[in-house]
């Protein structure tokens, strides 16, 4: 479990690996928040393509990063959400924020 963050111009991508649950969410939040505060990207893309399981901690992870980056004048996009997580996201109401993209073709360089 972890996160790998890369940047291309002022667009950053946080590739989340493994499960997002109450055991892993704290480390993910700390890593991503520290990055946001240090680099203040214009856009941060949370990439869920390598996430197999997510509980409500994942909803909190998304919402907290959304609030943080908005407070610094940036935008959050959530990309590559696996189909098995779609229902939880719809039920949470997060899909109404307009931050979800079904697929991301652009790649970020390390």
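Taken together, the values in this text are just the output of simple stated rules run on the coordinates, not laboratory data. Computed from a predicted structure; not experimentally measured. All Cβ positions, glycine included, derive from the backbone under ideal geometry; neighbour counts span all protein chains shown.
Some points to look at:
- Of all DSSP bridge pairs formed entirely within the chain, close to 30 percent run antiparallel.
- Taking other C-beta atoms within 10 Å as the exposure proxy, 100, 48 rank 100, 48 from fewest upward.
- Listed residues 57, 71, 95, most fluctuating in the chain (Gaussian network, C-alpha, under 10 Å): 71
- Normalised by the number of residues in region 2-101, the mean separation of alpha-carbon contacts (under 8 Å, six or more apart) gives a relative contact order of 28 percent.
- Placing R0 at 25 angstrom, the Cβ-Cβ distance between residue 21 and residue 91 gives a FRET efficiency of 0.90 after rounding to 0.05.
- Label sites at residue 56 and residue 38, each approximated as a point 7 angstrom past Cα along Cα to Cβ, lie 3.2 nm apart.
- As a proxy for reagent exposure, 29, 87 were ordered by neighbouring Cβ count within 10 angstrom, fewest first; the result is 87, 29.
- Estimated FRET transfer efficiency (residue 71, residue 8; beta-carbon r; R0 25 Å; 0.05): 0.60
- Based on DSSP H segments of at least four residues, each scored -39500 (n - 2.57), the chain has a per-residue ellipticity at 222 nm of -12000 deg cm²/dmol.
- With viscosity 1.306 mPa s and temperature 10 °C, the Kirkwood radius over alpha carbon pairs of the chain converts through Stokes-Einstein to a diffusion coefficient of 116 µm²/s.
- Relative to one another, the C-alpha centroids of region 63-94 and region 6-61 are positioned 10 Å apart.
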